[in-house]
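A.B. asks: Structure provided below as structure tokens; questions to follow.
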Amino acid sequence: MGGSAPRWSVVIPAFNEAARLPGYLKDIQAYFEGRDEGYEVIVVDDGSRDGTAERVHEIAAGRACVAVHALGRNRGKGHAVRAGMARARGRLRLMADADGATPIGEVARLEVAIEAGADIAVGSRVLRDPAVARQVRLHRKLSGCVFNFLVRRLGVAGVVDTQCGFKLFRGPVAEVLFPLVVTEGFGFDVELLMLAERRGYRVTEVPVNWADQPGSKVGVLRDGPRMLREVLAARRRLARAARAGGRP
């Protein structure tokens, strides 16, 4: 993946995604090749045991623009995204979930926000727009509402849906923020947005089409409390940095 920097980088964290990722990866390749713009896809295999990396190599069919970075063991989504962003070179850098819940074409909506001046464009499953549709199971909708309410109370006031895994960054902004993120689990999105807020970056939330996919890796009862602990820990870290007079 040498040569000049592409316009687009797509970072996909993947843990045991041999079944769901191949179709989405094909969609991503077709979309960007249709735009005729330079792109790269970085799949971070987060310690998968189902042959995820092998399936990606099959789909990529020797394309140099698709790479797999394999972690030796499962480290968590936050760690995987950070590892992928450290290798990204694009002027625009998208993080996207491997399940393809948000169609890749929705990146055009985020791109509009970036072109209008945003530093970060956050896909939203909550903001209303007659042009988009959401398909979500009731228990996930309710748990998401509770989590988002708590997050707003804890310090991310400007974003309603922090957990949508479809976010677009200007390259220089990603290079500043991701090395600062400590959270390794699913709560990393909140720390990322807290850091962006404290750095004064402009964050725009954009409604996107989204469809709940079977086989979700996030369990409400299993992961919800852990995510809140991660958010509280991140909040304490940032508060300590502020009291010490440092810049998070």
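A.B. asks: For region 175-217: of the residues being of a type in the set (S, T, Y) and outside any strand (DSSP E or B), which is nearest to the chain's Cα centre (by Cα)?
C.D. replies: Applying the first criterion (of a type in the set (S, T, Y)) to region 175-217 yields 183, 201, 204, 216.
Now narrow it down to the ones that are outside any strand (DSSP E or B): 183, 201, 216.
Values: T183: 14, Y201: 17, S216: 15 Å.
So, considering only residues that are of a type in the set (S, T, Y) and outside any strand (DSSP E or B), the one nearest to the chain's Cα centre (by Cα) is T183.
A.B. asks: Can you tell me which residues in region 1-23 are out of contact with any strand residue (DSSP E or B) (no Cβ under 8 Å at 6 or more places or on another chain) and under 16 Å from V56 (Cα atoms)? Explain how you work it out, then say what you get.
C.D. replies: First, the residues of region 1-23 that are out of contact with any strand residue (DSSP E or B) (no Cβ under 8 Å at 6 or more places or on another chain): 2-5, 16-20, 22-23.
Of everything in region 1-23, those that are out of contact with any strand residue (DSSP E or B) (no Cβ under 8 Å at 6 or more places or on another chain) and under 16 Å from V56 (Cα atoms) turn out to be N16, E17, A18, A19, R20, P22, G23.
A.B. asks: Please count how many residues of region 55-113 are touching a residue at least 12 places away in the same chain (Cβ under 8 Å), assigned to a loop (DSSP other than H, G, I, E, B) and more than 21 Å from W210 (Cα to Cα).
C.D. replies: Residues in region 55-113 being touching a residue at least 12 places away in the same chain (Cβ under 8 Å), assigned to a loop (DSSP other than H, G, I, E, B) and more than 21 Å from W210 (Cα to Cα): 12 in total.
A.B. asks: Can you tell me which residue in region 204-219 is modelled with the lowest pLDDT, limited to those that are β-branched (V, I, T) and surrounded by fewer than 20 Cβ atoms within 10 Å (Cβ to Cβ)? Before the answer, list the steps.
C.D. replies: Quick first cut of region 204-219, residues β-branched (V, I, T) only: 204, 206, 208, 218.
Still in the list and also surrounded by fewer than 20 Cβ atoms within 10 Å (Cβ to Cβ): 204, 218.
On the way: T204: 97, V218: 58.
So, considering only residues that are β-branched (V, I, T) and surrounded by fewer than 20 Cβ atoms within 10 Å (Cβ to Cβ), the one modelled with the lowest pLDDT is V218.
A.B. asks: While we're looking at this one, here's another question. Given the conditions (1) assigned to a loop (DSSP other than H, G, I, E, B); (2) modelled with pLDDT under 95, and given that S48 satisfies all but one, which numbered condition is not satisfied?
C.D. replies: Only one criterion in (1) assigned to a loop (DSSP other than H, G, I, E, B); (2) modelled with pLDDT under 95 is unmet by S48, namely (2).
A.B. asks: How about region 80-115: which of its residues are open to solvent by 30 Å² or more (accessible area, probe 1.4 Å) and either of a type in the set (F, W, Y) or more than 11 Å from the chain's Cα centre (by Cα) (or both)?
C.D. replies: Once the filter is applied, which keeps residues that are open to solvent by 30 Å² or more (accessible area, probe 1.4 Å) and either of a type in the set (F, W, Y) or more than 11 Å from the chain's Cα centre (by Cα) (or both), region 80-115 yields A86, R87, R89, R91, D99, P103, G105, A108, R109, V112, E115.
A.B. asks: Among the numbered criteria (1) in contact with a strand residue (DSSP E or B) (Cβ under 9 Å, 6 or more places away or on another chain); (2) modelled with pLDDT of 90 or more, which one does R128 miss?
C.D. replies: All conditions pass for R128, except number (2).
A.B. asks: Among R240, R199, which is modelled with pLDDT under 85 and either closer than 26 Å to A118 by Cα or open to solvent by 30 Å² or more (accessible area, probe 1.4 Å) (or both)?
C.D. replies: Working: R199 fails: modelled with pLDDT under 85.
Every option except R240 fails the conditions.
A.B. asks: Scan (1) under 12 Å from V66 (Cβ atoms); (2) aliphatic (A, V, I, L, M); (3) not in a strand (DSSP E or B) for the single condition A30 breaks and write down its number.
C.D. replies: (1)
A.B. asks: Oh, and also: Within region 26-47, is there a residue that is open to solvent by 10 Å² or more (accessible area, probe 1.4 Å), of a type outside the set (G, A, S), within 15 Å of G165 (Cα to Cα) and touching a helix residue (DSSP H, G or I) at 6+ places or on another chain (Cβ under 9 Å)?
C.D. replies: No, region 26-47 contains no residue that is open to solvent by 10 Å² or more (accessible area, probe 1.4 Å), of a type outside the set (G, A, S), within 15 Å of G165 (Cα to Cα) and touching a helix residue (DSSP H, G or I) at 6+ places or on another chain (Cβ under 9 Å).
A.B. asks: Filter region 116-130 for residues that are in contact with a helix residue (DSSP H, G or I) (Cβ under 9 Å, 6 or more places away or on another chain) and of a type in the set (G, A, S); which is surrounded by the fewest Cβ atoms within 10 Å (Cβ to Cβ)?
C.D. replies: That would be A118.
Listed here are the residues, each with its yes/no results for (1) in contact with a Ser or Thr (Cβ under 7 Å, 6 or more places away or on another chain); (2) more than 24 Å from V190 (Cα to Cα).
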{"residue": "D27", "(1), (2)": "no, yes"}
{"residue": "A30", "(1), (2)": "no, yes"}
{"residue": "D36", "(1), (2)": "no, yes"}
{"residue": "I42", "(1), (2)": "yes, no"}
{"residue": "T52", "(1), (2)": "no, yes"}
{"residue": "C65", "(1), (2)": "no, yes"}
{"residue": "R75", "(1), (2)": "no, no"}
{"residue": "R82", "(1), (2)": "no, no"}
{"residue": "R93", "(1), (2)": "yes, no"}
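The values are calculated or read from the model by the stated rules, or taken from the named source; none is laboratory data. What you are looking at is a predicted structure, and each value in this text was computed from that prediction instead of being measured. Neighbour counts are summed over all protein chains in view; Cβ atoms, including those assigned to glycine, are modelled from backbone coordinates with ideal geometry. Just the protein is used for accessible areas: all its heavy atoms, side chains included, with ligands, DNA and RNA removed. Shrake-Rupley method; radii C 1.70, N 1.55, O 1.52, S 1.80 Å.
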